[in-house]
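Heads up, the thing below is written out as structure tokens.
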Amino acid sequence: MGSTADQILVPFRGEGSGAGDLTWGQQGIWKTMERTGRTMNIGGVLALPDGAPLDEFEMVLRFLVSRHQSLRTRLRFVDDAMPQQVVSEAGEVPLDVVGIDPTDDADAAAEELRHRYEFTPFDHAHEWPVRMGVIRRGSALTHLVVQYGHLAVDGLGIEAAVRDLAHLDRATGTATVPVAGVRPLELAAQQRTGAGERQTAKSLRYWESLLGGIPTRRFGGESSPRQPRFWEIVCRSPAMHLAMRAIAARTRSDTSHVLLAAYAVTLAASPAAIPASPRCW
């Protein structure tokens, strides 16, 4: 496969800037990345309709980064302490354009770019937490590839960003309504107040009471040097994804909630089905 790589630097400017602590959720994600060595980047690939123009994706990228402070956030590191988040008002974010030969497999090129985006750690001090690229075969754009840093966005956040595109005026590239919701710096400040700390302590006590009542056999007993404490099972099922989307649409919920509910029901209904020494096939 022959390919070329170009970058378009897309300027952005948004409302608000500043620095502050990470939120509790961001701290948990950061510690998990440090402990596991995983990037935890999230995103995917979208096949494009015929005739998709490049400038549309420049506009979308500019809109999203300008509008959402989390996508204008990098980290500041001081010694070995927990990093701080720093929100910038303006800057430039790259849009990658990967050109391939007319006879090349565009699906394979898009998957290769997705893999590189997902498994290359973000440079959190210097890189904006969004990577966007397009595959161009000949003169036609075939795929859009996007990955986000998990410190900035989660699965529900991606869905919120997609819904927010309805507020993009395609003629002017500007927003039609003000941005809604609590922003990360505001949330982190709230969590440092007396009320925020009391709420956190109450939440921890609640989860401790629930987890303390679960039989240890459900988690495979005590860990040992030969028995990892945590197991990870990866299941790729297009049918399950379609089913979850159908249930989410019918219940006006989200696929994450549907999957969690299904797992909880299965776990509660058949605890004996979980072996003491699980194996992954």
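The values are calculated or read from the model by the stated rules, or taken from the named source; none is laboratory data. These figures come from a predicted structure and were not determined experimentally. Using ideal geometry, Cβ is built from the backbone for each residue, glycine included, and neighbour counts are taken over all protein chains shown.
With 279, 250 as the choices, which residue is modelled with pLDDT under 80 and either of a type in the set (Asp, Glu) or exposed (fewer than 12 other Cβ atoms within 10 Å of the Cβ) (or both)?
279
Of everything in the stretch 1-31 that's surrounded by 14 or more Cβ atoms within 10 Å (Cβ to Cβ) and closer than 22 Å to residue 111 by Cα, which residue is modelled with the highest pLDDT?
Per the stated criteria, the residue is 8.
Name the one entry in 180, 171, 161, 175 that is within 26 Å of residue 39 (Cβ to Cβ) and either not polar (S, T, N, Q) or not assigned by TED's automatic domain parsing to the domain that holds residue 32 (or both). Don't jump to the end; show me each part of the working.
Numbers: 180 fails: within 26 Å of residue 39 (Cβ to Cβ); 171 fails: within 26 Å of residue 39 (Cβ to Cβ); 175 fails: within 26 Å of residue 39 (Cβ to Cβ).
Exactly one of 180, 171, 161, 175 is within 26 Å of residue 39 (Cβ to Cβ) and either not polar (S, T, N, Q) or not assigned by TED's automatic domain parsing to the domain that holds residue 32 (or both), namely 161.
In the stretch 32-75, what residues are out of contact with any Lys or Arg (no Cβ under 7 Å at 6 or more places or on another chain), surrounded by 12 or more Cβ atoms within 10 Å (Cβ to Cβ) and farther than 23 Å from residue 114 by Cα?
67, 75, listed by residue number.
Which of the following residues is assigned by TED's automatic domain parsing to the domain that holds residue 9 and without any contact (Cβ under 8 Å) to a residue 40 or more places away in the chain: 101, 96, 123? Before the answer, list the steps.
Details: 101 fails: without any contact (Cβ under 8 Å) to a residue 40 or more places away in the chain; 96 fails: without any contact (Cβ under 8 Å) to a residue 40 or more places away in the chain.
Of the residues listed, the single one that is assigned by TED's automatic domain parsing to the domain that holds residue 9 and without any contact (Cβ under 8 Å) to a residue 40 or more places away in the chain is 123.
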